[in-house]
1. Could you check region 274-333 and list, in sequence order, the residues that are within 15 Å of Phe258 (Cα to Cα), touching a Ser or Thr at 6+ places or on another chain (Cβ under 9 Å), among the aliphatic types (A, V, I, L, M) and not in a strand (DSSP E or B)?
2. Are any residues in region 341-376 modelled with pLDDT under 85 and over 30 Å from Leu442 (Cβ atoms), and if so, which ones?
3. Taking only region 378-409 into account, find how many residues are modelled with pLDDT under 95 and either within 20 Å of the chain's Cα centre (by Cα) or buried (at least 19 other Cβ atoms within 10 Å of the Cβ) (or both).
4. Tell me which residues, restricted to region 114-159, are more than 30 Å from Thr181 (Cα to Cα) and not hydroxyl-bearing (Ser, Thr, Tyr).
5. Could you please find all residues in region 146-178 being among the basic types (Lys, Arg) and without any contact (Cβ under 8 Å) to a residue 40 or more places away in the chain?
6. Output yes when any residue across region 243-258 is aliphatic (A, V, I, L, M), under 25 Å from Phe386 (Cα atoms), buried (at least 18 other Cβ atoms within 10 Å of the Cβ) and assigned by TED's automatic domain parsing to the domain that holds Ala325, and no when none is.
7. Just to be sure, is Leu449 in the same structural domain as Gly357 (by TED's automatic domain parsing), at negative phi, crowded, with 22+ Cβ neighbours inside 10 Å and in a strand (DSSP E or B)?
8. Of everything in region 469-494 that's under 14 Å from the mean Cα position of the chain (by Cα) and among the hydrophobic types (A, V, I, L, M, F, W, C), which residue is surrounded by the most Cβ atoms within 10 Å (Cβ to Cβ)?
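The values are calculated or read from the model by the stated rules, or taken from the named source; none is laboratory data. What you see is a predicted model, and the numbers here were worked out from it, not measured in a lab. Glycine gets a Cβ as well: all are built from the backbone with ideal geometry, and neighbour counts include every protein chain shown.
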Amino acid sequence: MSCYTDFLTLNSAHGSRTEFSVCTERCVKRPGKDKLDELVKLNSLTFLALNRSALTMGFRIRTKTLGVLLIAFDLIFKSTAICSAQGVNFGNPAAPPPPPVFAPVPSPLTSLTGIRKTLNSYGVTISGIYTTDAFGNVSGGIRTGATYQGLLELDLDVDLEKSIGLKGGSFHISGFEIHGTSLSKGYTGDLSTVSNIDGYDTARFAEYWYEQSMFDDRFSLKIGQFLADNEFYYSDYSNLFVCGSFGAFTFLGDNYPFVPTYPLSALGVRLLLHPMPQLDFKIGLYSGSTLSENTNNSGLPNIRGRDGIMTFWEVDYKVNHDPNASGLPATYKLGCMFHSRYDGFLNSNPDSFNRSGYGFYATIDQAIWQKTATDKQAKAPSLGLFFRIGLMPPAFGFVSRYVDAGFNYNGLFAGRNEDIFGIGVTHSGISREANRNNQGGLQYTSETLIEVTYAAKLTSWLTLQPDFQYIFNPGGTFAAQNATVIGLRSTLTF
C-alpha cells in the first residue's frame, strides 16, 4: 500500500491533524524514485487539505500549536531532504539534471513570452505578483479562527531611453487589488499587523511616477504618486517576514495620519544624490495625508492644505556591495521624518492634536557569514542580521519606542540555496502620554511579536512560506491573552 493510500485511509478514519507527519515518514523510507512520486502526491493532497480548511471563515483550530507548526515545517524539510538525496541541487545550475518529477515547471503565463519580448524591444516591461495568505489564530487574542487574504499587484515599467531616446528617463505605473479578511482586526487585535498585505478590499492605483537620472546616475529626481516605504525606512533582510511591523506598520503607520506606506501612496517628490558608490543621500516630500483606505479607495491624488507636508531624510552607506568585493556586504542607514502639521489628531496620543511631529530611525543590514560559491552563477549559502530602531518623542508620539531585529539564513539545507529561513522579533513601546485622560480605561504598555518563517522557492515563479507568529500583549494592553498564529503564504510571480 502506498503512503498516498495510507493518508486517505487514515484521514477518513481520524481526520488530518496528525496523519500528515506519519505518512511523510513512511514516504521517506520508500526506495528510489517511488519515494519522490509518493511524496509529491502527499504534498499536493496536504496543501489542498490545509488551504481548504483555512479558507473556511471562522474555522476554529483545535490542534496543539506546536504540533501544527511542526507539520507545516516538516513538509518543507522532508521535501528538501529527499531532493538532496536524489542529487537535486536547485541552487547550483551546474548540478546534474533533476528527476522528471522535479523538472522545472514553466510559468502559467509562458504563452505571453512572445508579447513580452516585443514590448521589451520598445523598453516596456509588464509584470505581476499574486500573494495569498491563509492564516489562523489558534489561541489568545480577541478570538480564534482563520482567514484568507490576497493581493494582486500589476506593474508596467517604461525605459524611456529605449522607447523615445530620453537618456536616464523611466516611467512606472502599478495597481493593487486587495481582497480577504484581516486576521489582526477580527481575531488577534494586534498593532503589528500579522500580514503585510492586509488592507481595505478594493482595486486601487498603487503608484505612478516619472524618474530622471542625470550626471552619470549621480543624481535622480522622482515625481508622481508613490510609496514612501519603497524609498525610506526599509531593510533588505526584514523584507522576508510576513508581519507588517517588519515593514512600515507600527512605527510609521501608528504615529502619522495616513502616511504614504502600503497600501496608500501620496503625491510627492524624491531627490537622490549618489556622490560615490558607497553613499546615498535621499530627501522625500509628500502630501501630508493620503486619507483613509475606505475614503480614498481608488488611490487617486489627495491634496488638502490643512494636512501639511510629510518629509523624510535619509543617508545610506553601503559596504562591499560591488560584485568583485571580497568582504561581507552591509548597509547602514540613518533617517528622520517630519510632519509639518495635521488638522486633527496626529495619532492616538491625546497630546498629538493639531500639531507637528518628528521622529528618528536607524537601520543595519549586516552579512556575517557567506560560503564561497564554487559556481559564480550560483547563490552561495549565507547568514545575515538586521536591526532597526525608531524613536519619537513621547509628548506627541504613540509608538514612541520601536525596535526589531533578526536574521536570514540562505541555504539552510544542501541544494536549497534559494530558500531562506528567518527568525525576527519586533517590540513596540507605547508612550506613557497615550494613557493620559484615559482614567479607568485600557492602559497601554507595549507589544512584542516573534516570527519564525521559511520561504521555499519551489520554482522560478512560485514560493511557499510556512509561518509562525507569537504576539505578547496584542494591542499593547493586557486586555487580551497572548496570541499564537500559524499560516502559509504563497507568492506567484509572472
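1. Hit for region 274-333 is Ile303, nothing else.
2. If the condition is that a residue be modelled with pLDDT under 85 and over 30 Å from Leu442 (Cβ atoms), then Thr372, Ala373, Thr374, Asp375, Lys376 are the ones that fit.
3. The total comes to 8.
4. Filtering region 114-159 for residues more than 30 Å from Thr181 (Cα to Cα) gives 114-125, 157-159.
Within region 114-159, Gly114, Ile115, Arg116, Lys117, Leu119, Asn120, Gly123, Val124, Asp157, Val158, Asp159 qualify.
5. Residues of region 146-178 among the basic types (Lys, Arg): 162, 167.
Selection gives Lys167 alone.
6. Filtering region 243-258 for residues aliphatic (A, V, I, L, M) gives 248, 252.
Now drop any that are not under 25 Å from Phe386 (Cα atoms), which leaves 248, 252.
With buried (at least 18 other Cβ atoms within 10 Å of the Cβ) added as a condition, the list becomes 248, 252.
This time we only want the ones that are assigned by TED's automatic domain parsing to the domain that holds Ala325, so: 248, 252.
The answer is yes, given that some residue of region 243-258 is aliphatic (A, V, I, L, M), under 25 Å from Phe386 (Cα atoms), buried (at least 18 other Cβ atoms within 10 Å of the Cβ) and assigned by TED's automatic domain parsing to the domain that holds Ala325.
7. Values: in the same structural domain as Gly357 (by TED's automatic domain parsing): yes; at negative phi: yes; crowded, with 22+ Cβ neighbours inside 10 Å: yes; in a strand (DSSP E or B): yes.
When the stated conditions are applied, Leu449 passes them.
8. Selected residue: Leu488.
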